[in-house]
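Worksheet: the structure to be examined is printed underneath.
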Amino acid sequence: MNPPKPAAATLAEMARYGLVGLANTAVGLSAIYVAMQVFGWHYAAANVLGYGLGLAVSFLLNRRFTFRSSRALSPREPLFFLLVFGASYAIQLGALVICVETLHVNRCAAQALAMAVYTAAGYAGNKFLTFRVRKASSPAERPGNRPASC
């Protein structure tokens with residue numbers, strides 16, 4: 001069988017990213033509802049719990065399933081993941097305001113459009129920053145090459 005073409009591989013990766021988004025939304029929303037309805041938590045506290053769990057699930061699934069990272073976890077990845085999340089949220093919020101205030105798009109439709117902007121920004125940021133494939137710069141850094149022992 002032939003290896004997938006780059007466009008097909010990218011489409012498959014984007015589909016996996018979408019599936020992870022559905023999974024982390026289900027986990028986060030379920031946690032919010034359980035915290036509020038079963039444990040009687042305040043809605044704001046439940047929201048923090050749900051978003052925190054959703055972000056953790058998103059990070060872990062995107063790392064392994066979407067972007068297929070197999071390298072050891074470094075402190076850089078979760079930090080960049082949070083930075084990409086924050087930047088994506090800010091970009092989508094700006095898109096939302098422009099849609100509603102400048103373009104006079106219906107508020108509900110604008111939310112959906114802004115969510116698409118958030119998804120695209122998050123995918124690009126995580127692909128090219130958080131989980132980017134780094135090329136080894138020297139033979140010693142390449143997999144399978146170990147420095148000579150003394």
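Neighbour counts of other C-beta atoms within 10 Å: give me 32, 98 arranged from fewest to most. Don't jump to the answer; show the numbers that get you there.
Numbers: 32 21, 98 15.
Result, fewest neighbours first: 98, 32.
If neighbour count is taken as other Cβ atoms inside 10 Å, put 13, 101 in order from fewest to most.
Going from least to most buried by this count: 101, 13.
Would you be so kind as to identify which of 65, 119, 92 lies farthest towards the positive end of the dipole of the chain, taking Lys and Arg as +1 and Asp and Glu as -1 on Cβ and the Cα centre as origin?
Of the candidates, 65 comes out farthest on the positive side.
How much length, in nm to one decimal, is gained on full extension between residue 97 and residue 56, taken as 0.36 nm per residue of separation minus their Cα-Cα distance? Mind dumping the intermediate values first?
Values: separation 41, 0.36 × 41 = 14.76 nm, distance 2.79 nm.
Length difference between fully extended and current span is 12.0 nm.
Cut-off 10 angstrom, C-alpha nodes, Gaussian network model of the chain. Which of 30, 70, 88 fluctuates the most?
70
Helix by helix, which DSSP H runs in the chain go 18 Å or more along their axis at the Cα atoms and have an average Kyte-Doolittle hydropathy of 1.0 or more? Kindly include the intermediate steps, with their values, before the conclusion.
Numbers: long enough: 6-37 (46 Å, 0.93); 43-61 (26 Å, 1.54); 76-97 (31 Å, 1.35); 107-125 (26 Å, 0.77).
Membrane-span-like by this rule: 43-61, 76-97.
Show me the chymotrypsin sites (Phe, Trp or Tyr not before Pro) within region 1-87 that DSSP assigns to loop and that have at most 10 other Cβ atoms within 10 Å of their Cβ. Mind showing how you got there, number by number?
Working: sites: 17, 33, 39, 41, 43, 51, 59, 65, 67, 80, 81, 85; in loops: 39, 41, 67.
Passing both the DSSP loop test and the Cβ count: 39.
For region 1-68, just say rounded, prolate or oblate: build the C-alpha gyration tensor, square-root its eigenvalues into a ≥ b ≥ c, call rounded for a/c under 1.5, and beyond that prolate if a/b exceeds b/c, oblate if not.
Verdict is prolate for region 1-68.
So what's the convex hull volume per residue for the Cα atoms of region 72-133, in Å³? Don't skip to the answer; put the middle values down first.
On the way: hull volume 3.9 nm³, N = 62.
Convex hull volume per residue, Cα atoms: 63 Å³.
How big is the chain by Rg and Dmax over its Cα atoms, in Å?
19.3, 70
Here, each number is a calculation from the coordinates, and none is a lab measurement. Predicted, not measured: the structure shown is a model, and the values here were computed from it. Here the Cβ is made from the backbone with ideal geometry for all residues, glycine too, and neighbour counts use every protein chain on show.
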